[in-house]
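Enquirer: Would you mind keeping the following structure in view while I ask a few things?
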Amino acid sequence: MKKVFIILSISSVLFACNSSNENITTIAPNTYKFERNGESTVSFPGQTSRIRMGDELAKAFLKPTEEDISSLAGKFSHEAGENNFKESNLNLSSKNIRSKVAASTDLFSSNTTDSQAIKADFDSWIIGQVNNVFPYWNNNASKGVAGQLQEAGGGPVRWVNAKGLEYDQAFVKGLIGALMTDQILNNYLSKAVLDAGTNITDNNGDVLVSGKNYTNMEHKWDEAFGYMYGNEPNIESPILNVDSYLNKYLNRVEGDADFKGIADDIYNAFKLGRAAIVAKDYITRDDQIAILKEKISEIIGIRAVYYLQVAKATLANDKGTAFHDLSEGFGFIYSLQFTNNPNTNMPYFSKSEVDNFINTLMKEDGFWSVTNKTLDDMATAISAKFNFTLEQAGS
């Protein structure tokens with residue numbers, strides 16, 4: 001007799017089956033709502049805390065009269081009870097950002113050398129902002145000189161180092177890869193994490209984590225979900241653009257006609273995968289993991305190419321706009337090393353390939369000396385590894 005698991009309390013219109021998993025049919029829920037005994041089983045407070053910590057840290061990069069290395073580093077490496085944030089609940093939290101940077105099971109559990117080098121990059125951007133930009137806050141920037149650049153037409157003022165890089169953009173966009181993407185794709189959606197220890201046996205038997213209303217496998221999936229939707233006011237109806245990280249740039253990519261529908265693809269994969277865990281249907285779960293790895297990695301690749309391309313339009317006559325775009329592109333390029341190609345289960349670009357891109361952008365006088373050909377060559381190389389064209393991502 002065919003066995004059918006139905007996710008109670010959820011109306012359904014879509015079905016996911018796998019021919020090699022004939023005994024189980026997972027019914028796709030309408031939204032990310034899962035309950036046991038009338039209470040929610042969804043929980044990801046640590047992810048929400050880190051997103052909010054990151055939002056405060058991003059703003060602090062632009063407060064030269066209030067912040068120094070110690071205060072910025074404190075927001076990055078927070079310890080419970082320290083008064084690092086304006087949001088009091090964050091000060092009480094035992095979570096911090098730095099410990100989860102380049103910390104995934106798949107990429108860094110046996111590669112502490114790269115993990116420490118990446119953490120050191122983020123430390124260096126904090127130090128650079130305080131030592132190399134804050135002292136020149138009111139100076140005009142020029143080749144080899146840090147200071148401010150105003151975008152043409154009375155646009156926003158940007159603050160750059162001597163090579164034209166905005167450290168805050170490098171930091172925030174770098175975290176999109178090193179924290180959010182790495183934790184989602186290479187940690188919580190890793191089989192080494194989802195299926196660790198007795199997770200499969202426990203999930204099959206509805207054995208809950210002590211004192212909680214979820215199985216360990218359910219919780220790991222929710223933690224992945226939390227790095228994308230953790231700051232949403234209602235996860236059953238995400239509105240997007242509610243933080244400075246992956247959620248914001250999923251919204252930006254969704255707004256590009258070439259990629260419209262990616263937001264639904266990602267949300268549907270998260271909720272169907274979660275439903276599959278409840279139904280003990282691990283084949284459907286793994287199918288959704290592959291979709292999430294491809295689509296979330298695409299966000300990084302698309303935005304890297306986009307910023308390299310749009311910067312060309314203003315590079316000659318509007319350094320403020322061009323350098324801001326290139327600084328955002330710098331961070332997304334840095335984030336490429338944390339993507340995951342579902343066909344190989346490895347990043348689309350290795351650390352050494354990313355380092356070469358970064359060194360190319362920063363060589364000689366950095367953005368002051370970069371050429372359109374360099375930006376084109378780099379954007380072409382990035383788009384070639386993904387399932388989109390240079391033209392689609394670059395406009």
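Enquirer: Being free of Cβ contacts under 8 Å to residues at least 40 places away in the same chain, touching a helix residue (DSSP H, G or I) at 6+ places or on another chain (Cβ under 6 Å) and more than 27 Å from MET346 (Cα to Cα) is the requirement here; does ASN91 meet it?
Expert: Considered against the rule, which asks whether it is free of Cβ contacts under 8 Å to residues at least 40 places away in the same chain, touching a helix residue (DSSP H, G or I) at 6+ places or on another chain (Cβ under 6 Å) and more than 27 Å from MET346 (Cα to Cα), ASN91 comes out as no.
Enquirer: Output yes when any residue across the range 272-280 is open to solvent by 10 Å² or more (accessible area, probe 1.4 Å) and without any contact (Cβ under 8 Å) to a residue 60 or more places away in the chain, and no when none is.
Expert: There is no residue in the range 272-280 that is open to solvent by 10 Å² or more (accessible area, probe 1.4 Å) and without any contact (Cβ under 8 Å) to a residue 60 or more places away in the chain.
Enquirer: Quick one: which helices (runs of 4 or more DSSP H) sit completely within the range 49-131 and have at least 1 residues that are at pLDDT 95 or above and of a type in the set (Phe, Trp, Tyr)?
Expert: Passing ranges, in order: 69-76, 105-108, 112-128.
Enquirer: Another question, then. Considering ALA263, ALA290, which residue is open to solvent by 10 Å² or more (accessible area, probe 1.4 Å), touching a residue at least 12 places away in the same chain (Cβ under 8 Å), over 28 Å from ASN204 (Cβ atoms) and of a type in the set (A, V, I, L, M)?
Expert: ALA263
Enquirer: Additional query: Could you look through the range 248-260, keep only residues that are without any contact (Cβ under 8 Å) to a residue 24 or more places away in the chain and part of a helix (DSSP H, G or I), and pick out the one that is surrounded by the fewest Cβ atoms within 10 Å (Cβ to Cβ)?
Expert: Looking at the filtered set, the residue picked out is ALA257.
Enquirer: Then there is this: Residue under question is ALA316, and the condition is that it be open to solvent by less than 10 Å² (accessible area, probe 1.4 Å) and modelled with pLDDT of 95 or more; does it hold?
Expert: no
Condition check ((1) under 30 Å from SER395 (Cα atoms); (2) in a loop (DSSP other than H, G, I, E, B); (3) open to solvent by 30 Å² or more (accessible area, probe 1.4 Å); (4) not aromatic (Phe, Trp, Tyr)) across all residues:
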{"residue": "ASP206", "(1), (2), (3), (4)": "no, yes, yes, yes"}
{"residue": "GLY211", "(1), (2), (3), (4)": "no, yes, yes, yes"}
{"residue": "GLU218", "(1), (2), (3), (4)": "no, no, no, yes"}
{"residue": "GLY226", "(1), (2), (3), (4)": "yes, no, no, yes"}
{"residue": "GLU232", "(1), (2), (3), (4)": "yes, yes, no, yes"}
{"residue": "SER237", "(1), (2), (3), (4)": "yes, yes, yes, yes"}
{"residue": "LEU240", "(1), (2), (3), (4)": "yes, yes, no, yes"}
{"residue": "ASP243", "(1), (2), (3), (4)": "yes, yes, no, yes"}
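The values are calculated or read from the model by the stated rules, or taken from the named source; none is laboratory data. Small disclaimer: the values here were computed from a predicted structure and weren't measured. Neighbour counts run over all protein chains shown; Cβ positions are idealised from the backbone, glycine included. Only protein heavy atoms, including side chains, enter the accessible area calculation; ligands, DNA and RNA are left aside. Shrake-Rupley method; radii C 1.70, N 1.55, O 1.52, S 1.80 Å.
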